[in-house]
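Below you'll find the structure, written out as structure tokens, and then a few comments.
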């Protein structure tokens, strides 16, 4: 394996926004290193209602607009090499929730 092939890097650069009340299902991908890969939260938290597993799956249904956050994810390959990346988590209200807000007259 060349040095270029052995470098563990994230393919997923960012996550789509989280919409309150709508199902969410994304996978974080890496390349390089030596499979298998595992993922862990280094710091930060996903929005309420969202789970993250060691396979890099981010899934669930956001339960409230808990504000935007940043989560640092560490990917580790089969020989222990690791890399960490920050993911900004933007939470938005569902379109129908925005429509229900009173308008200023």
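Is one or more of the residues making up the range 48-56 in contact with a strand residue (DSSP E or B) (Cβ under 8 Å, 6 or more places away or on another chain), without any contact (Cβ under 8 Å) to a residue 60 or more places away in the chain, surrounded by 13 or more Cβ atoms within 10 Å (Cβ to Cβ) and part of a loop (DSSP other than H, G, I, E, B)?
There is at least one residue in the range 48-56 that is in contact with a strand residue (DSSP E or B) (Cβ under 8 Å, 6 or more places away or on another chain), without any contact (Cβ under 8 Å) to a residue 60 or more places away in the chain, surrounded by 13 or more Cβ atoms within 10 Å (Cβ to Cβ) and part of a loop (DSSP other than H, G, I, E, B).
State which residue is nearest to residue 36 (Cα to Cα) when the search covers only the range 75-95 and only residues that are surrounded by fewer than 17 Cβ atoms within 10 Å (Cβ to Cβ) and within 11 Å of the chain's Cα centre (by Cα).
Per the stated criteria, the residue is 86.
This table checks each residue for (1) farther than 24 Å from residue 82 by Cα; (2) at pLDDT 95 or above; (3) loosely packed, with under 15 Cβ neighbours inside 10 Å.
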site	(1), (2), (3)
8	no, yes, no
12	no, yes, no
43	no, yes, yes
69	no, no, no
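The values are calculated or read from the model by the stated rules, or taken from the named source; none is laboratory data. Just so you know, these numbers come straight off a predicted model, no measurement behind them. Virtual Cβ from ideal backbone geometry, glycine too; neighbours counted across all protein chains shown.
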